[in-house]
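Quick notes on the structure that follows.
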Amino acid sequence: MNPKWNGQFSCFDLVAKTEACPRSVIPVGDFEIGGNDFVVMAGPCAVESEDQLMRTAEAVADAGARILRGGAYKPRSSPYAFQGLGVVGLRLLRKAREATGLAIVTEVMSEEDVDLIAEYADIMQVGTRSMENYALLEALGKCGRPVLLKRGMTATLEELLRSAQVIAMAGNPQVILCERGIRTFETATRNTLDIAAVPVLKTVSHLPVIVDPSHAAGVRSLVPVLSRAAAVVGADGLLVEVHPVPEKAMSDGNQSLTFGEFHRMMDDLQPYLELQQETRQFRPQLLAAGGAD
Ligand code: PEP
Ligand code: MN
């Protein structure tokens with residue numbers, strides 16, 4: 001292990017990788033995140049209507065996704081933008097789970113909503129804007145559900161792991177880390193996907209790491225190639241936005257894939273997942289070779 005990383009991250013003892021705990025595997029329904037499966041979570045940015053959600057759920061399940069994403073409570077940059085359907089959206093997510101067997105991941109923005117959302121969600125999503133909301137993180141420590149913790153858009157990896165440690169210290173070790181792009185001086189993409197975050201986090205922490213290429217890219221044309229990159233560098237899965245008619249989406253339409261695009265992306269991932277096996281196999285040697293700096 002790079003000695004700098006050791007000093008930087010080992011203090012977060014509940015989430016740091018150790019010989020006793022090299023990898024945590026989080027069961028969700030009848031599959032696992034952080035084990036040998038590459039788990040894809042897909043769906044609309046926001047739950048908009050029954051028709052939109054049910055059609056999307058069926059399409060993503062058919063393409064091989066295991067988890068349906070969809071925001072019922074939306075953190076929007078503008079106070080004038082659609083803020084989500086709230087509990088009506090949660091009920092639609094439940095209906096989609098019953099129809100397709102997909103597990104559900106949805107965002108929780110406030111500690112006051114944790115108990116309600118935990119009744120509907122299999123995984124509780126913490127958005128980039130909430131990564132350091134400690135009241136929320138502490139409440140999630142007691143929610144009895146796995147937490148998908150998104151990296152703050154201006155947060156370092158150390159800060160991301162610090163937030164994961166807060167959830168674990170509050171009683172919940174089931175945290176999935178998510179790289180979703182960070183703010184840099186680059187403006188061609190919505191955020192800059194920090195692809196190195198994946199192997200760094202997989203080296204210093206036992207927690208699963210997934211990548212959200214949609215919020216990193218901001219444009220749908222880049223989503224498949226960023227997904228392939230995530231697969232190759234060792235991510236445990238993806239979080240991808242998909243919409244029946246992206247041009248009409250109430251949020252994040254520019255970065256949402258159509259059903260056909262998502263299906264093609266899933267079909268094309270396999271060779272990259274095989275490369276991941278090689279990366280995983282060779283990881284100890286690569287780290288030993290590059291670990292001195
Ligand atoms: C989302 O997943 O739709 C979302 C709001 O993501 P982020 O918190 O990464 O912006
Ligand atoms: Mn979104």
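The values are calculated or read from the model by the stated rules, or taken from the named source; none is laboratory data. None of the values given here were measured: they were computed from a predicted structure. Every residue, glycine as well, gets a Cβ built from its backbone with ideal geometry; the counts of neighbours run over all protein chains shown. Accessible surface is based on the protein model in full, side chains and every heavy atom, while ligands, DNA and RNA are left aside. Shrake-Rupley method; radii C 1.70, N 1.55, O 1.52, S 1.80 Å.
A count restricted to segment 53-82 and to residues that are out of contact with any Leu (no Cβ under 9 Å at 6 or more places or on another chain), more than 11 Å from ligand 1 (Cβ to nearest atom) and of a type in the set (S, T, Y) stands at 2.
Could we say that Q52 is within 16 Å of ligand 2 (Cβ to nearest atom), surrounded by 14 or more Cβ atoms within 10 Å (Cβ to Cβ) and farther than 19 Å from V245 by Cβ here?
Spelling it out, it is not the case that Q52 is within 16 Å of ligand 2 (Cβ to nearest atom), surrounded by 14 or more Cβ atoms within 10 Å (Cβ to Cβ) and farther than 19 Å from V245 by Cβ.
Of the numbered criteria (1) part of a loop (DSSP other than H, G, I, E, B); (2) of a type outside the set (F, W, Y); (3) in contact (Cβ under 8 Å) with a residue 24 or more places away in the chain; (4) open to solvent by 20 Å² or more (accessible area, probe 1.4 Å), the one N254 fails is (1).
Could you tell me whether T203 is more than 12 Å from ligand 1 (Cβ to nearest atom), farther than 21 Å from P271 by Cβ, assigned to a helix (DSSP H, G or I) and open to solvent by 10 Å² or more (accessible area, probe 1.4 Å)?
Yes, satisfied.
A quick yes/no check of all residues on (1) touching a Pro at 6+ places or on another chain (Cβ under 9 Å); (2) within 15 Å of ligand 2 (Cβ to nearest atom); (3) polar (S, T, N, Q); (4) at pLDDT 95 or above:
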residue: S221; (1), (2), (3), (4): no, no, yes, yes
residue: A230; (1), (2), (3), (4): yes, no, no, yes
residue: D236; (1), (2), (3), (4): yes, no, no, yes
residue: L239; (1), (2), (3), (4): yes, yes, no, yes
residue: H243; (1), (2), (3), (4): yes, yes, no, yes
residue: E247; (1), (2), (3), (4): no, no, no, yes
residue: D252; (1), (2), (3), (4): yes, yes, no, yes
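Hey, any hits in segment 221-238 for a residue that's among the hydroxyl-bearing types (S, T, Y), surrounded by fewer than 20 Cβ atoms within 10 Å (Cβ to Cβ), without any contact (Cβ under 8 Å) to a residue 60 or more places away in the chain and touching a strand residue (DSSP E or B) at 6+ places or on another chain (Cβ under 9 Å)? Lay out the reasoning, then the answer.
Here is the first cut: in segment 221-238, the residues among the hydroxyl-bearing types (S, T, Y) are 221, 227.
Now narrow it down to the ones that are surrounded by fewer than 20 Cβ atoms within 10 Å (Cβ to Cβ): 221.
With without any contact (Cβ under 8 Å) to a residue 60 or more places away in the chain added as a condition, the list becomes 221.
Restricting the remaining residues to those that are touching a strand residue (DSSP E or B) at 6+ places or on another chain (Cβ under 9 Å) gives none.
Checking segment 221-238: not a single residue is among the hydroxyl-bearing types (S, T, Y), surrounded by fewer than 20 Cβ atoms within 10 Å (Cβ to Cβ), without any contact (Cβ under 8 Å) to a residue 60 or more places away in the chain and touching a strand residue (DSSP E or B) at 6+ places or on another chain (Cβ under 9 Å).
Considering the conditions (1) surrounded by fewer than 18 Cβ atoms within 10 Å (Cβ to Cβ); (2) assigned to a loop (DSSP other than H, G, I, E, B), G152 is excluded by exactly one of them, (1).
Apart from one condition, V15 fits all of (1) within 16 Å of ligand 2 (Cβ to nearest atom); (2) over 26 Å from Y272 (Cα atoms); (3) among the β-branched types (V, I, T); the exception is (1).
Any residue at all in segment 186-195 that is within 16 Å of M266 (Cα to Cα), among the hydroxyl-bearing types (S, T, Y) and open to solvent by 20 Å² or more (accessible area, probe 1.4 Å)? So far as segment 186-195 goes, no, none of its residues is within 16 Å of M266 (Cα to Cα), among the hydroxyl-bearing types (S, T, Y) and open to solvent by 20 Å² or more (accessible area, probe 1.4 Å). Residues that are more than 14 Å from the chain's Cα centre (by Cα), within 15 Å of ligand 1 (Cβ to nearest atom) and among the aliphatic types (A, V, I, L, M) within segment 227-253 comprise V242, A249, M250, listed in sequence order.
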